[in-house]
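Scroll down for the structure; my scribbles are underneath it.
The values are calculated or read from the model by the stated rules, or taken from the named source; none is laboratory data. In this text, all values refer to a predicted model and were calculated from it rather than measured experimentally. Cβ placement follows ideal geometry from the backbone for every residue including glycine, while neighbour counts extend to all protein chains displayed. Calculation scope for accessible area: heavy atoms of the full protein, side chains included, ligands and nucleic acids excluded. Shrake-Rupley method; radii C 1.70, N 1.55, O 1.52, S 1.80 Å.
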Amino acid sequence: FDIVVLGSGAKAAAERLTGVGAGSVYFSEAAAVADYTAEGYADTIAALAKEKGVKAILAPATTFGKDLVPRIAGLLGVGMVSDVIGFDGEAYLRPMYAGNLVAKIAVNTPVAALTVRETAFEATAASAGGSPVAEIAASEGVGAKFVGYQLVSSARPNLTEAKVVVAAGRGVKDAVGMKMVEDLADTLGAALGASRALVDEGLTPNDLQIGQTGKIVAPDLYIAIGISGAIQHVAGMKDSKVIVAINKDEEAPIFEVADYGLVADFSKSLPELTDMIRSIKG
Ligand code: FAD
């Protein structure tokens, strides 16, 4: 396999990727691809894929990958599978209906374009030997042009990369409850997440939503507070290593996926838990 890195800083990134067993690591820092547009990146990668005669083009099933790979598939006229979680030798596997069934999709074209769910695979181990690094030509693409970024700053870690996620649901009710959840998150250095119900209530922005129509996360520790555990929510967090749930309803479905559960009113137990963690941390 080969790796392609595009954008400003791509050369340094490519040099850091020489020890993971790739045939080659290609990069471009050209102005045309210095900042991401689906048009420029897709043109650049499609041209390289044609030149090298590759059998498959893969990107993570993130918002980025989901924006980019369908366009590459369109440019090359090849079959595409989204959200791949496995390959059985003939067909690609992808979850559907909030993970309630796994579809098998065979690609009929000689080249396959795939977005891959990162949480379904182990990271590649570092290997000995350096892969060659080579600069490639870049294309600006037609139809859209990068204009600028407007940065949203947050002191908390990124939701999809955090080792600990503290997520709130409709059960936290209001800003007072939300503050308790934020206190726990900040005490643990955790990212904040939310159910769709809480987003719909307007208590959190929708980029914090976890689930089928939100972000997919798999942290080491996931703490769900006042979340019932609807399948559409569970689809976004069930691969977390340790799941803790606090809910006042002992019948709540979240307890079926939780490793540890506390049947309690969060407004009493959460401040106690946060204080306890604070005192342990000193
Ligand atoms: P509720 O289901 O209302 O649960 C609130 C929970 O809080 C209850 O279990 C209650 O016992 C508990 N509670 C109340 N008070 C307290 C208290 N004082 N202390 C402790 N516990 C308390 N949802 C998502 O989250 N993410 C998605 O991506 C998503 N996508 C969807 C896509 C589709 C097509 C559809 C149809 C739905 C989707 N949903 C999604 C919505 C999903 O079906 C649920 O409606 C939603 O997850 C419920 O959110 P909740 O658990 O916060 O709220």
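Compute the acute angle (0 to 90°) between the alpha-carbon long axis of helix 266-281 and the principal axis of greatest extent of the alpha-carbon atoms of the chain; round to the nearest 10°.
70 degrees
Per residue, how large is the accessible surface of the stretch 74-134? Use a 1.4 angstrom probe and give square angstrom.
59 Å²
Helix 38-52 against the longest principal axis of the chain: what's the angle in degrees, Cα atoms only, rounded to the nearest 10?
Around 50 degrees separate the two axes.
Which of the pairs LYS215/LYS248; LYS215/LYS241; LYS163/LYS215; LYS11/LYS215; LYS163/LYS248; LYS248/LYS268 have their Cα atoms more than 20 Å apart in this structure? Before the final figure, lay out each step's value.
On the way: LYS215/LYS248 25 Å; LYS215/LYS241 16 Å; LYS163/LYS215 15 Å; LYS11/LYS215 29 Å; LYS163/LYS248 26 Å; LYS248/LYS268 11 Å.
Cα-Cα > 20 Å for LYS215/LYS248; LYS11/LYS215; LYS163/LYS248; rest within.
May I ask you to list the trypsin sites (Lys or Arg not before Pro) in the stretch 106-205 that are in a DSSP loop and have at most 12 other Cβ atoms within 10 Å of their Cβ? Don't jump to the answer; show the numbers that get you there.
Values: sites: ARG117, LYS145, LYS163, ARG170, LYS173, LYS179, ARG196; in loops: ARG117, LYS145, LYS163, LYS173.
Answer in residue order: LYS145.
When Rg is the radius of gyration of the Cα atoms in the stretch 75-214 and Rh is its Kirkwood radius, what does Rg/Rh come to?
That ratio is 1.06, to two decimals.
For GLU272, tell me the accessible area in Å² from a 1.4 Å probe, rounded to the nearest 10.
120 Å²
So how exposed is LYS104, as accessible area in Å² (1.4 Å probe, rounded to 10)?
It works out to around 140 Å².
Kirkwood hydrodynamic radius for the stretch 144-225: how many Å is it when counted over pairs of different Cα atoms?
Over the stretch 144-225, the inverse of the mean reciprocal pair distance is 13.2 Å.
State the extension gain, in nm to one decimal, for the chain segment bounded by ARG156 and PHE121, taking 0.36 nm per residue of separation less the distance between their alpha-carbons.
Details: separation 35, 0.36 × 35 = 12.60 nm, distance 2.58 nm.
That pair, ARG156 and PHE121, stretches by 10.0 nm at full extension.
Run the helix sum for the chain: -39,500 (n - 2.57) per DSSP H stretch of 4+ residues, divided by residue count, reported at 222 nm to the nearest 500 deg cm²/dmol.
-8000 deg cm²/dmol
What does the C-alpha gyration tensor say about the overall shape of the chain? Classify as rounded when a/c is under 1.5, otherwise prolate if a/b is larger than b/c, or oblate.
Here the chain falls in the prolate category.
Picking from GLY19, GLY148, GLY99, which is most flexible by a Gaussian network model of the chain using Cα springs under 10 Å?
GLY148
Once neighbouring chains are kept in place and the probe is 1.4 Å, which whole percent of the accessible area of the stretch 1-129 is contributed by carbon and sulfur? Please list the in-between numbers first.
On the way: 3660 of 6740 Å².
Carbon and sulfur atoms account for 54 percent of the accessible area of the stretch 1-129.
Select from GLY130, THR119, GLY99 the residue farthest towards the positive end of the dipole of the stretch 91-155; place +1 on Cβ of Lys and Arg, -1 on Cβ of Asp and Glu, and compute about the Cα centre.
Looking along the dipole axis, the top candidate is GLY99.
For the stretch 26-180, calculate the relative contact order in percent as a whole number, restricting contacts to Cα pairs under 8 Å that are 6 or more residues apart. Can you show the working numbers first?
Details: 198 pairs, mean separation 47.4, N = 155.
Relative contact order of the stretch 26-180: 31 percent.
Filter the chymotrypsin sites (Phe, Trp or Tyr not before Pro) in the stretch 127-234 down to the DSSP loop ones having no more than 12 other Cβ atoms within 10 Å, then list what survives.
Numbers: sites: PHE146, TYR149, TYR222; in loops: PHE146, TYR149.
For chymotrypsin sites (Phe, Trp or Tyr not before Pro) across the stretch 127-234 that sit outside H, G, I, E and B with at most 12 neighbouring Cβ atoms in 10 Å, the list reads TYR149.
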